[in-house]
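Take a look at the structure set out below.
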Amino acid sequence: MTNTLRNYIGNTWVKSKATEYADVINPATAEVIAQVPLSPSAEVDRAVQVAEEAWVEWRQTPPSNRVQHLFTLKNLLEENLDDLARTITFECGKTLEESKGELRRAIENVEVACGIPTLMQGYNLEDIASGIDEVMIRQPVGVCAAITPFNFPAMIVAWFLPYAVACGNTYIVKPSEKVPLTMKKLFELFDQARFPTGVINLVNGGKETAEAILNHSGIKAISFVGSTSVAKHVYALATANGKRAQCQGGAKNPIIILPDADIETASKIIADSAFGCAGQRCLAASLAVTVGDSKSDFTEAIVSQASSWVVGYGLDDGVQMGPVITQASKDRIEGLILSSLDENSDLLVDGRNAKINNYENGSFVKPTILQNLKLDGNIIHTEIFGPVLGMVHLDTVDDAINFVNSGRYGNMACLFTNSGAAARKFRYEAQVGNIGINLGVAAPMAFFPFSGWRDSFFGDMHGQGKDAVEFFTQKKVVAERWF
Ligand code: NAD
């Protein structure tokens, strides 16, 4: 029997009146595992209505009481970690270990948001003029919403939601229609954490449901994560409608290898960055930039890594990499590999036409390495979002930094070196928001902002930590004189 998903509105699981449903597909087996409603705007409207009603009391609930639900949620997430991880792998394809890693990051955000009674404090100054005192207080903004992508079904919503509700806002989530099962399980846990009626709501759907959220006057702030073209559109529409918006987009992350780096270790870390989660991380290494003499040793080491990775179903033991999200995505990735060959790059490891025993219908692409990408070609600037590492060679660290700064995106750049001076120069000059030194995935911990720049981010306040508190509160300044 098909698992037909429901929305969660006003703490009740409600059947959608959608006329259209999308299939949810296990990317390793190609089986249809659920059907998700593409909810109409009336259901967004209903969710906003209950969230607005809930806001009246929730914003008056003391922050120390609000976070009690998050303490409960943290424990529920720990208790249900294995089940949640299996669900992520089931619908998203990544390995079980990767799913558990994602959940650890989600839990970390819940933990940080539990500190809201401290984090949300304002500040004050006595005697701004004689006998007059001034106070800055933070107040919640109202009903807020998240529109999330497929690649981290549990973690990304946690960059926003725990902070939003801890700050006294109420919330609506529209998850990716490709991976709605994890969100369903998370909402079962929100339910058990006994958030008051209407504080957190789930409306499933695709583009039209998202548009209804962006156009709804009752929603005051939007957190979006997805591809750059959609992020740009969401930012433009949300802000034109008078909402706060923070929109994280795509990436093309370069990793630079200097000749003094430990090449063997670097190649292992870079392989994990490029091929982990099948390359479907916004912080995946997609370009390896060898500098000077590092080229031949690094090339040999990374080719050996890429050729030895075990690809298969993420629930099976020993598998290092699962499938990409859909057959359409596999076709797109393989098409981009072909375009790169048309631009005269060299295919050192070819992951196309992968066939995995027992999973012949899965959307698998094996690790792929393209060398000598053309600096003036298209592929060097195109987000492939698959397990494909492009390589370029440059002469100096200055050339490499200029290359990083010439890219369209600014999500992450990493440097492998033993030189403190080179690392310092890179950290200082690279025009990207997340920097890694001798790291392959420079993902900020929950108490730091997730800091993409340029076409990787539209807005000013990022997700996580203090930026999230800033985003989910509005400042009010009170000057007082008493006679
Ligand atoms: P996507 O842009 O296709 O979809 C993201 C969300 O937007 C989904 O919920 C989708 O239903 C919705 N959507 C699609 N079209 C829309 C439209 N026209 N208007 C409003 N909403 C719309 O992205 P995806 O394929 O799910 O995710 C992969 C992308 O996300 C990659 O580009 C990746 O780099 C990016 N990403 C970025 C970060 C980051 O932190 N910068 C993190 C994760 C993923």
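Give the lysines whose C-alpha is closer than 17 Å to that of residue 252, dropping any in the same chain fewer than 8 places away, or say none.
Once the sequence-local lysines are set aside, what remains near residue 252 is 232, 374.
Quick one: pull the percentage of alpha-carbon pairs in the range 253-437 with a separation above 23 Å. Mind showing how you got there, number by number?
On the way: 6408 of 17020 pairs.
That fraction is 38 percent.
Calculate, for the range 253-437, the solvent-accessible area per residue in square angstrom, rolling a 1.4 angstrom probe over the heavy atoms of the protein chains.
Per residue, the range 253-437 has 39 Å² of solvent-accessible surface.
Nothing charged except the Cβ atoms of Lys and Arg (+1) and of Asp and Glu (-1): what's the magnitude of the dipole of the range 256-410 about its Cα centre? Round to the nearest 20 debye.
Magnitude of the dipole: close to 580 debye.
Between residue 61 and residue 227, what is the FRET efficiency for a Förster distance of 56 Å, r being their Cβ-Cβ separation, to the nearest 0.05?
0.95
Mind checking which lysines have their C-alpha under 25 Å from residue 476, skipping anything on the same chain fewer than 8 residues away?
220, 243, 466
Using a 1.4 angstrom probe on the protein heavy atoms only, line up 15, 243 by accessible area, largest first. Display every interim value, and only then the final one.
Values: 15 135, 243 15 Å².
Correct descending sequence by accessible area is 15, 243.
Roughly how much of residue 398 is accessible, in Å² to the nearest 10, using a 1.4 Å probe?
Roughly 70 Å² of residue 398 is accessible to a 1.4 Å probe.
Multiply the residue separation of residue 480 and residue 12 by 0.36 nm, subtract the distance between their alpha-carbon atoms, and state the gained length in nm to one decimal. The partial results should precede the final answer.
Details: separation 468, 0.36 × 468 = 168.48 nm, distance 4.47 nm.
Difference between extended and current length: 164.0 nm.
Give the residue from 60, 202, 230 lying farthest towards the positive end of the charge dipole for the chain; charges sit on Cβ (+1 for Lys and Arg, -1 for Asp and Glu) and the dipole is referred to the Cα centre.
Comparing the listed Cα positions along the dipole, 60 ranks first.
Under 5 Å between amide hydrogens, which residues at least 5 positions from residue 370 or on another chain qualify, with H placed 1.01 Å from N in the peptide plane?
Residues meeting the criterion, in which the H sits 1.01 Å from N, are 348, 389, 390, 391.
Rg and Dmax of the chain, Cα atoms, in Å?
Rg then Dmax for the chain, in Å: 23.2, 83.
Taking 0.36 nm per residue of sequence separation and subtracting the Cα-Cα distance, how much length would be gained by fully extending the chain between residue 111 and residue 316, in nm to one decimal?
On the way: separation 205, 0.36 × 205 = 73.80 nm, distance 3.08 nm.
Stretched out fully, the residue 111 to residue 316 stretch lengthens by 70.7 nm.
Could you tell me the ratio Rg/Rh of the range 41-159? Both radii from Cα atoms, Rh via Kirkwood.
Answer for the range 41-159: 1.11.
Quick one: net charge of residue 409's neighbours, Cβ under 13 Å, K/R +1, D/E -1?
Residues near residue 409 contribute +2 overall.
Could you give the length gained by full extension between residue 236 and residue 268, i.e. 0.36 nm per residue of separation minus their alpha carbon distance, to one decimal place?
7.5 nm
Once the convex hull of the C-alpha atoms of the range 122-250 is built, how many Å³ does it hold per residue, rounded to a whole number?
On the way: hull volume 17.5 nm³, N = 129.
Per residue, the Cα convex hull of the range 122-250 comes to 136 Å³.
If you place +1 on the Cβ of every Lys and Arg and -1 on the Cβ of every Asp and Glu, how big does the dipole about the Cα centre of the range 349-483 come out, in debye to the nearest 20?
On the way: 13 positive and 13 negative charges, 65 e Å.
About 320 debye.
What lysines sit close enough to residue 185 to cross-link, taking a C-alpha to C-alpha distance under 23 Å and skipping anything fewer than 8 places away on the same chain?
Correct list for residue 185: 15, 17, 74, 94, 100, 174, 207.
Obtain the nm distance between the two label points defined at residue 191 and residue 343 by a simple spin-label model: each point lies 7 Å from its Cα along the Cα-to-C-beta direction.
Going by the 7 Å Cα→Cβ label model, 4.8 nm.
Would you calculate the separation in nanometres between label points at residue 296 and residue 408, each defined as 7 Å from the Cα along the Cα-to-beta-carbon direction?
3.6
With a point put 7 Å past each Cα toward its Cβ, work out how far residue 381 is from residue 445 in nm, to one decimal.
Each label point lies 7 Å from its Cα, and together they span 3.8 nm.
Go ahead and estimate [θ] at 222 nm for the chain from helices alone: -39,500 (n - 2.57) per DSSP H run with n ≥ 4, summed, over the residue count, rounded to 500. Each step should come with its number before you reach the end.
On the way: 16 runs with 185 residues, N = 483.
Calculated mean residue ellipticity at 222 nm is -12000 deg cm²/dmol.
List residues of the range 283-325, by number, whose backbone nitrogen lies under 13 Å from a label position 7 Å along Cα→C-beta of residue 23.
Flagged as within label range: none.
Let me know the longest stretch in the chain that avoids all GluC sites (Glu not before Pro) found in a DSSP loop with at most 14 other C-beta atoms within 10 Å.
Here the longest run is 32-359.
Through the Karplus equation 6.51 cos²θ - 1.76 cosθ + 1.60, θ set to phi - 60°, convert the phi angles of the range 251-265 into ³J(HN,Hα) values in whole Hz; use x for Gly and Pro.
7, 8, 8, x, 10, 9, 10, 8, x, 8, 6, 6, 5, 4, 5
May I ask for the net charge around residue 276, where only other residues with Cβ less than 15 Å from the Cβ of residue 276 are counted and Lys, Arg are +1 while Asp, Glu are -1?
+3
How charged is the neighbourhood of residue 383? Take every other residue with its Cβ under 10 Å from the Cβ of residue 383, and add Lys/Arg as +1 and Asp/Glu as -1. Kindly include the intermediate steps, with their values, before the conclusion.
On the way: positive: 252, 408; negative: 455.
Charge balance near residue 383 sits at +1.
With the other protein chains left in place, how much accessible area per residue, in square angstrom, belongs to the range 1-96 at a 1.4 angstrom probe?
49
The values are calculated or read from the model by the stated rules, or taken from the named source; none is laboratory data. Since the structure is predicted, the reported quantities are computational estimates derived from the model, not experimental observations. Because the Cβ atoms are built from the backbone with ideal geometry, glycine has one as well, and the counts that use them run over all protein chains shown. The protein model used for the area step is the full one, side chains on, heavy atoms only, and it has no ligands, DNA or RNA in it. Shrake-Rupley method; radii C 1.70, N 1.55, O 1.52, S 1.80 Å.
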